[in-house]
1. Determine, yes or no, whether A252 is farther than 20 Å from G160 by Cβ and loosely packed, with under 15 Cβ neighbours inside 10 Å.
2. Would you point out the residue of region 48-79, among those that are among the β-branched types (V, I, T) and within 18 Å of L331 (Cα to Cα), that is surrounded by the most Cβ atoms within 10 Å (Cβ to Cβ)?
3. Could you identify the single residue in S248, S243 that is touching a Gly at 6+ places or on another chain (Cβ under 9 Å), of a type in the set (G, A, S) and farther than 22 Å from L186 by Cβ?
4. Just a yes or no: is a residue in region 50-58 under 29 Å from S248 (Cβ atoms), polar (S, T, N, Q) and in a strand (DSSP E or B)?
5. So A131 passes all but one of these: (1) within 15 Å of the chain's Cα centre (by Cα); (2) in a strand (DSSP E or B). Which condition number does it fail?
6. For region 72-81, state whether one or more residues are farther than 17 Å from F306 by Cβ, in the same structural domain as A122 (by TED's automatic domain parsing) and acidic (D, E).
7. Without any contact (Cβ under 8 Å) to a residue 40 or more places away in the chain, at positive phi, of a type outside the set (A, V, I, L, M, F, W, C) and surrounded by fewer than 16 Cβ atoms within 10 Å (Cβ to Cβ) - does that describe any residue in region 80-87?
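The values are calculated or read from the model by the stated rules, or taken from the named source; none is laboratory data. Remember, predicted model here, so these are calculated numbers, not experimental data. Glycine gets a Cβ as well: all are built from the backbone with ideal geometry, and neighbour counts include every protein chain shown.
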Amino acid sequence: MSTLTSRAIRIDQHGGPEQLKLVQVTVGEPGAGEIRIRHHAVGLNFIDVYQRSGLYQMPMPLQLGMEAAGVVEAVGAGVTHLKVGDRAAYASQPPGSYCDLRVMPAKCVCKLPDVISFETGAAMMLKGLTAQYLLKRTLPQGGLQAGDFVLFHAAAGGVGLIACQWARALGLQLIGTAGSDAKCALAKEHGAAFVINYASEDFLARVKEITGGKGVKVVYDSVGKDTWDKSLDCLAPFGLMASFGNASGPVAPFSPGILGPKGSIYVTRQTLFSHITTRETTQAMADDLFEVVSSGKVHIRIDQRFKLEDVQQAHIALEARKTTGCTILTL
């Protein structure tokens, strides 16, 4: 059995960015259903912050990171969809992508089309697959049709800018919110039909105005606590509140009884990892993402690049909401 070494970012306890430590780890051979992959670029996501801070409790010590792209170096028994030398990308459990080299489950790793760069692959998998399951699989009663209004919070973030473009390609009227005029302009540039600066405008009043008082069919919300209550009131009867993150903190407990008077609305809490439990579903979703990116309908915008050893600065920028588009670690 050969043993290789790799740089990796690890935490020994939950806490602030100062907990992120650069360490050397040993990497062995892949077992059944596993691959070894050498990363060329690594993606950063808000879930990394949740796992580091303890909002999502994780066993320690923890090697962080949920997505990356690189080249397959070794393949374990039973893996048939990948071979040594393949360009590949993934968003996957368990965490561990903040490194040069790792052994990991193969089922969520997908071959990366030659027309998509490693940096784009690393930046887009978790956020792009999230946009895919939201717009294609997390749907209100009766689905979504061209012309329908949807409200998307944090529209200038990594998931948001992908969703703005994809929604435009689907003919949806996406109303995007963001916390500054500059971020609103970015969302508009990427396909949002309408934008609202929720730092200076009442987004509920604006949504009602835009939709002629009818409200939207679905709200996609990764902000959480700060946007929750008004978002429920933005929904049309039988509308869907789709929560998929808590950037401002977790939503407070609420009584299901409030949903009836608001129009018998639906509420769901989504996570990507429920959608990619099987190899087949993961590949189908990735194929949809690869197609929309390869065709040029969706451009993956990488606005921040940090070296692996500068990951503390990357987390500080992410938490301060100083980032737009996607953020990657370069190796």
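1. yes
2. Among those residues, the one meeting the criterion is V72.
3. S243
4. Checked region 50-58: no residue is under 29 Å from S248 (Cβ atoms), polar (S, T, N, Q) and in a strand (DSSP E or B).
5. Unmet for A131, out of (1) within 15 Å of the chain's Cα centre (by Cα); (2) in a strand (DSSP E or B): (2).
6. Scanning region 72-81, I find at least one residue that is farther than 17 Å from F306 by Cβ, in the same structural domain as A122 (by TED's automatic domain parsing) and acidic (D, E), so the answer is yes.
7. Within region 80-87, one or more residues are without any contact (Cβ under 8 Å) to a residue 40 or more places away in the chain, at positive phi, of a type outside the set (A, V, I, L, M, F, W, C) and surrounded by fewer than 16 Cβ atoms within 10 Å (Cβ to Cβ).
One line per residue, one yes/no per condition, for (1) closer than 24 Å to C108 by Cβ; (2) surrounded by fewer than 16 Cβ atoms within 10 Å (Cβ to Cβ); (3) without any contact (Cβ under 8 Å) to a residue 60 or more places away in the chain:
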{"position": "G260", "(1), (2), (3)": "no, yes, yes"}
{"position": "T268", "(1), (2), (3)": "yes, yes, no"}
{"position": "F273", "(1), (2), (3)": "yes, yes, no"}
{"position": "T277", "(1), (2), (3)": "yes, yes, yes"}
{"position": "E291", "(1), (2), (3)": "yes, yes, yes"}
{"position": "Q312", "(1), (2), (3)": "no, no, no"}
